[in-house]
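Quick notes on the structure that follows.
The values are calculated or read from the model by the stated rules, or taken from the named source; none is laboratory data. As the structure is a computational prediction, the values presented were derived from the model and not from experiment. Neighbour counts run over all protein chains shown; Cβ positions are idealised from the backbone, glycine included.
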Amino acid sequence: MPLHLGVVAGDEIKCHYHGWAYDCTGKCTDIPYLGKDRRPNGVKSYPAVDLDGLIFVFPGNPALAEARLPKTLGSSQRREYKTRRLNRNVDCHYTFMHENLFDMNHQFMHRRFMGSIRANCLGRDHGDHWAQVEYSFSRTAGRQSMGEKVIVDLTRRGGVPKKDFRDHMRIRTDYPYQSLKVWLGRNTDYDTAAPVLSVWLGYTPLDAQQRTNRTFGYLSVKKPPVPGVIHAVWPFVTRFTENIFREDKEIVEYEQRAYDAQGSDWNNEVFPPIRDLRTVLARCGKPLP
């Protein structure tokens, strides 16, 4: 019987079917109709940690659990940010999610909501377990949506002179997690300054074939200097980001269907940062037995 159907009592969980009780280590602590000497060994347990409002369960070697836990989930717990939680199922392999966020050349797809945007790659780097790419953007046609204005313009007016304005985006995969940060200002120290937009994401496979995943995380926007204005304009931020996520979800699911129809990856990848990323994903990813 699945234990998630059971009842939590203190630090124990009781099975929904017969009331057998298990503690945090998985040890069976009570069978209502048998004596103490008749208890079985119990069930398997896994290290679990509540971090910034999300529960992380580590199914691998327990000795590695602490080292693999992220230190923080972006800017989700910082008071100077307003944050929304992201949580949705996507019908694709998790690596498509990493590539989609990493490759900002796909902004053409979002032209309906962002106008025509040109992504300029500023640099890239990678290591054994991580890959990073940085961009700046220029608008070639069209207008900003209200949601984009909230994220960029309201914060810029809070202290970045127009002549010094420059957007700088850093996307980083620290396997298996991913982050996106945006700063404004030409002379910003990007390693120490607070970004105006901070996104933290994780992707968990949901099936044995890894053709579906749960995408979860936080999107945090730095509050403008005017108190309370972020709450008034938040519906525009939500609508804008939902539209972008919807288009991203649709395109990666198309990619998965193409992969399945072709039986393999027929892409001729030409963008160097994606080649870096694929090397990291291939090195770190483990197929399910």
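Listing for the model above:
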item	result
Residue among His16, His106 that alone is surrounded by fewer than 17 Cβ atoms within 10 Å (Cβ to Cβ) and in contact with a helix residue (DSSP H, G or I) (Cβ under 6 Å, 6 or more places away or on another chain)	His16
Only listed residue being basic (Lys, Arg) and without any contact (Cβ under 8 Å) to a residue 24 or more places away in the chain, chosen from Arg172, Arg257	Arg257
Qualifying residue in region 121-137 (condition: modelled with pLDDT under 90, over 15 Å from the mean Cα position of the chain (by Cα), in the same structural domain as Tyr254 (by TED's automatic domain parsing) and not in a strand (DSSP E or B))	no
Considering residues of region 168-190 that are modelled with pLDDT under 85 and surrounded by fewer than 19 Cβ atoms within 10 Å (Cβ to Cβ) only, the residue nearest to the chain's Cα centre (by Cα)	Tyr190
Residue within region 63-83 that is surrounded by 11 or more Cβ atoms within 10 Å (Cβ to Cβ) and farther than 30 Å from His168 by Cβ present	yes
Pair list, Cβ under 6 Å, 6 or more apart: region 188-217 residue on the phi > 0 side of the Ramachandran plot, other residue assigned to a loop (DSSP other than H, G, I, E, B)	Gln210/His93
Single match in Val43, Val8, Val57 (criterion: within 28 Å of Thr204 (Cβ to Cβ) and in contact (Cβ under 8 Å) with a residue 24 or more places away in the chain)	Val43
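Per-residue answers, yes or no, for (1) more than 18 Å from Tyr177 (Cα to Cα); (2) at pLDDT below 90; (3) part of a strand (DSSP E or B):
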| site | (1), (2), (3) |
| --- | --- |
| Tyr46 | yes, no, no |
| Val49 | no, no, yes |
| Ala65 | no, no, no |
| Thr72 | no, yes, no |
| Cys92 | no, no, no |
| Asn105 | yes, no, no |
